[in-house]
1. I'd like to verify a number: residues in the stretch 84-119 that are under 22 Å from Trp55 (Cα atoms) and among the hydrophobic types (A, V, I, L, M, F, W, C), how many?
2. Among the residues of the stretch 57-89, which ones are closer than 18 Å to Ala149 by Cα and out of contact with any Leu (no Cβ under 9 Å at 6 or more places or on another chain)?
3. Scan the stretch 7-29 for residues that are of a type in the set (Lys, Arg) and within 17 Å of Lys62 (Cβ to Cβ) and report the count.
4. At least 3 residues that are assigned by TED's automatic domain parsing to the domain that holds Ala134 and β-branched (Val, Ile, Thr) in each: list the helices (runs of 4 or more DSSP H) lying fully within the stretch 13-113 that qualify.
5. Looking at Phe121 and the list (1) over 21 Å from Met13 (Cβ atoms); (2) part of a helix (DSSP H, G or I); (3) free of Cβ contacts under 8 Å to residues at least 24 places away in the same chain, which single condition is not satisfied?
6. Between residues in the stretch 224-237 that are within 20 Å of Pro105 (Cα to Cα) and residues that are among the β-branched types (Val, Ile, Thr), which pairs lie under 9 Å by C-beta distance while being six or more apart or on different chains?
7. Only residues that are under 20 Å from the mean Cα position of the chain (by Cα) and farther than 15 Å from Ala162 by Cβ: list them for the stretch 232-265, please.
8. Which members of the stretch 233-261 meet the condition of being part of a loop (DSSP other than H, G, I, E, B) and not basic (Lys, Arg)?
Amino acid sequence: MSSCEATYPARTMAQQLAKLAKEEEELQVSSHIAGKTLWVYVPLDDLIKEKDMSWNEPGLEKMSQILSIVHRVILSTDAKLDFAAVVASDIKHFGVQLTTFEYLPDVREAILERFSRGEFFMRSVKDVSVNPKAVGDVTGESMQYYDMAFDHFMGLQVVHRAKSIFAKDKTLSKIFELKTTSLAEKFGVIKIDFEFLKKTYLLTPEEEKINPLDYVKMIAAEIVRNYDYKNFQAFEIKDTFSGQKAVLDAAALKKIKIDLPEFMG
């Protein structure tokens, strides 16, 4: 019977994860479970370069190593979890936080190579925020830990994929800058505002026809199909710069033809 026991039982998983991080990476992380969401707070003094506020490679590498430990633990635990959120926190300069949100069935499917590396990169949501109270916080007391709702994860993934596509696609990145985004969920409606600024007006006739919201619509449709998600009322997406808005329920999303660029992570 002992061979059937989980390597990281639910009752001690958080403590064991922190112990692994200390033993293997010499990092003092803290773990918290809120509902079915595992949170791991990673305090770093080398995440951000002070000179230009760019990412610092050693800090990002530490974040990657902790993610690897988290994956090992969640694949060998009997804890009833749906999501993991790993927060790399700049505790030295500005309180910048890089959070990776992952849906745990996606991690398991990726291990089994059920989809491509590029698709997992898109499903592994990266979110950047600033928490001034994180400066000097080595234990994560400045954090607000919550149980992730699937609607919220869906919205975060739409934003994450949009940022990636508009930054990496040659045509879209030449024409548009995705300046700001905001996300809210209410009564099953996932509301996302985007601010698309035009970077140039020297466009070909074909480029003139490009509407950035059309790409967001395709992204939302693809995500709903990927997860076969039905428990939402609609996506409400808006370009705050142009004022264009679209409300898309499941039936409307199903009709959308998807033609999106693909990128490897």
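The values are calculated or read from the model by the stated rules, or taken from the named source; none is laboratory data. Because the structure is predicted, anything quoted here is derived from the model rather than measured. Quick reminder, even Gly has a Cβ in these numbers, built from the backbone with ideal geometry, and neighbours come from all protein chains shown.
1. So in the stretch 84-119, the residues under 22 Å from Trp55 (Cα atoms) come out as 85-102, 118.
From what's left, among the hydrophobic types (A, V, I, L, M, F, W, C): 85-88, 91, 94, 96, 98, 101.
Of the residues in the stretch 84-119, 9 are under 22 Å from Trp55 (Cα atoms) and among the hydrophobic types (A, V, I, L, M, F, W, C).
2. Pass one, the stretch 57-89, residues closer than 18 Å to Ala149 by Cα: 79-87.
Matches in the stretch 57-89: Lys80 only.
3. Step one: of the stretch 7-29, the residues of a type in the set (Lys, Arg) are 11, 19, 22.
Now narrow it down to the ones that are within 17 Å of Lys62 (Cβ to Cβ): 19, 22.
Total satisfying the criteria: 2.
4. Working: elements: 13-25, 57-74, 104-111.
In the stretch 13-113, the matching helices (runs of 4 or more DSSP H) lie at 57-74.
5. (3)
6. These pairs meet every condition: Arg225/Ile258; Tyr229/Ile223; Lys230/Val224; Phe232/Val189; Phe232/Ile190; Phe232/Val224.
7. Phe232, Met264, Gly265
8. Step one: of the stretch 233-261, the residues part of a loop (DSSP other than H, G, I, E, B) are 233, 240-244, 249, 255-261.
Hits for the stretch 233-261 are Gln233, Thr240, Phe241, Ser242, Gly243, Gln244, Asp249, Ile256, Ile258, Asp259, Leu260, Pro261.
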